[in-house]
Each structure stands twice: as structure tokens, then as C-alpha cells.
Amino acid sequence: MCSLLEYGENQLIMPEGVLLRCQPVSRGETIFRKDDPFRSIFAVKSGSFKTYIPKSNRGDQVVGFHLIGELIGSEGLAGGHYPFTARALEESSVCELRLNRLSETECDLVALQQGIIQLLGGEVSFNHELISSLVHQSADQRIAGFLLSLSRRLQRRGIERKLIRLPMSRSDIGNYLGLAGETVSRILTKFQKAGSIRLQCKHLEILDSTVLSILADS
């Protein structure tokens, strides 16, 4: 979406405040909270975010992680409010497009609108694929699928990285996958001992994607 917004800046006459590029977001800072009125779609320019539903009587429910080039907040389009909170996992930056002010532009918006629809369709397709893959899976299968999904998501956006940064905590990964944080740590250690991955602090290298793919799909 950031490249799409850069097109928008170059090709459209954007009134001040409609398109905000490279907005810095500090680690732990939120860009919107659950039930805030919908105003914008965000794209991760750098860093990463987690989205979660705050729970008053127990721990927050993590519903997603968002990497470079991915959208945040599009779910608020339907109901007019954001259904979750989005918080930066590290020093990050976002592109922000205030959709409710697009009508103020003076040029044809067809290309921009089509690009946004295409990106939204890709996000929906990915989320459906991921949710479907988690049903009835073992802990090993869930974590193998999660690691592969991180790699594939970056590759889909043209980002080839030997090392994948894992800015999220083990407990957040477990919360997202329906596992205990200790289980996540144990299985990552197991994968490392088996030679499938190499893990150094918050950096992960997939050494044998074939083994992980077989495990995730079994």
C-alpha cells in the first residue's frame, strides 16, 4: 500500500492532511484503539505491529501481526469503528490514508481505489488461508505454519530476507496460535535442534523449509 500511496502523492492533488507518509510510531504506541471511529487505513512502512482485543477479566486476545507493506485497520470500514487495538511492536512508521477525505482530491481516483480494493482482497484471502490452516492442528503444525507464513508474506511483497525478525514475544505468538508461551519456546528449541531453523534472540533463519512445509501440511 505504501507504493500505492506514493503513486497517489505523485499523480493526485492531495489536500493537506489526506495522505500522511512515513509517520513515526514509537515502540508500544497505538495508532488506534478498539471502538475508535474509523478514519484511515494504515500501511506498515517499517517495523511491525500487533492487533489485539483488550479483555478486562483476562489477558488481551492477539488477533494478528502486521509486517512491512501490510494493511492495518481496513476491518473498520464495515462497521465504522475499529474492532481491535493496533500497537507497535518496535520502532516503526506507517503510511496513513484518510479515506473519508478522498473526495477532496481534484483528480481521478479510479486507479487508487482499484489498488486499495486489490490490496484488501489480498489481505482477506491471506487471513482466510491462515485461519483455515490452524483448525485441528497440533502445536508443532501451528508453529511451523506460522513461521512459514511470516516468510511467505514478506516474499509476496518482494522482500527477500534470509533472517526474519520476530519482534513479538513468545507469549504473544502463543496467544495468537492458541498455545502457551512456554509451548512456543519449547517447540522453537525443538525445531532448532532438528536443524530446521536457526534462532538468535529475535532473528529467525529457516534452514529447511521443506521439513516445515511437510509438517504444517500433514
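The values are calculated or read from the model by the stated rules, or taken from the named source; none is laboratory data. Computed from a predicted model, the values in this text were never measured in an experiment. A quick note on method: Cβ atoms are made from the backbone with ideal geometry, for glycine too, and the neighbour counts reach across all protein chains shown. The protein model used for the area step is the full one, side chains on, heavy atoms only, and it has no ligands, DNA or RNA in it. Shrake-Rupley method; radii C 1.70, N 1.55, O 1.52, S 1.80 Å.
When you look at residue 218, is it loosely packed, with under 13 Cβ neighbours inside 10 Å, in contact (Cβ under 8 Å) with a residue 40 or more places away in the chain and more than 27 Å from residue 92 (Cα to Cα), yes or no?
On the way: loosely packed, with under 13 Cβ neighbours inside 10 Å: yes; in contact (Cβ under 8 Å) with a residue 40 or more places away in the chain: yes; more than 27 Å from residue 92 (Cα to Cα): yes.
Judged against the criteria, residue 218 is a match.
Might you check whether a residue that is closer than 28 Å to residue 159 by Cβ, of a type in the set (D, E, K, R) and not in a loop (DSSP other than H, G, I, E, B) occurs anywhere in region 63-82? Let's see the steps before the verdict.
Here is the first cut: in region 63-82, the residues closer than 28 Å to residue 159 by Cβ are 63-77, 82.
Filter once more, so that each one left must be of a type in the set (D, E, K, R): 70, 75.
Next, only the ones that are not in a loop (DSSP other than H, G, I, E, B) stay: none.
No, the conditions are met nowhere in region 63-82.
Here residue 154 clears all of (1) crowded, with 18+ Cβ neighbours inside 10 Å; (2) in contact with a Lys or Arg (Cβ under 9 Å, 6 or more places away or on another chain); (3) modelled with pLDDT of 85 or more except the condition numbered (3).
For region 30-62, residues that are assigned to a loop (DSSP other than H, G, I, E, B), in contact with a helix residue (DSSP H, G or I) (Cβ under 9 Å, 6 or more places away or on another chain) and among the charged types (D, E, K, R) total 3.
Every residue, every condition in (1) touching a helix residue (DSSP H, G or I) at 6+ places or on another chain (Cβ under 9 Å); (2) among the polar types (S, T, N, Q); (3) farther than 21 Å from residue 62 by Cα; (4) modelled with pLDDT under 95, yes or no:
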{"position": "175", "(1), (2), (3), (4)": "yes, yes, no, yes"}
{"position": "178", "(1), (2), (3), (4)": "yes, no, no, yes"}
{"position": "182", "(1), (2), (3), (4)": "yes, no, no, no"}
{"position": "188", "(1), (2), (3), (4)": "yes, no, no, no"}
{"position": "193", "(1), (2), (3), (4)": "no, no, yes, no"}
{"position": "201", "(1), (2), (3), (4)": "no, no, yes, yes"}
{"position": "206", "(1), (2), (3), (4)": "yes, no, yes, yes"}
{"position": "209", "(1), (2), (3), (4)": "yes, yes, yes, yes"}
{"position": "217", "(1), (2), (3), (4)": "yes, no, yes, yes"}
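Close Cβ contacts (under 7 Å, 6 or more residues apart or on different chains) running from residues in region 82-97 that are under 13 Å from residue 38 (Cα atoms) to residues that are acidic (Asp, Glu) and open to solvent by 10 Å² or more (accessible area, probe 1.4 Å) comprise 82/35; 82/36; 83/75. Total residues in region 83-99 satisfying the condition of being in a strand (DSSP E or B), in contact with an Asp or Glu (Cβ under 9 Å, 6 or more places away or on another chain) and modelled with pLDDT of 95 or more: the figure is 4.
Which condition from (1) of a type in the set (Asp, Glu); (2) open to solvent by 50 Å² or more (accessible area, probe 1.4 Å); (3) outside any helix (DSSP H, G or I) is the one that residue 182 breaks? The failed condition is (3).
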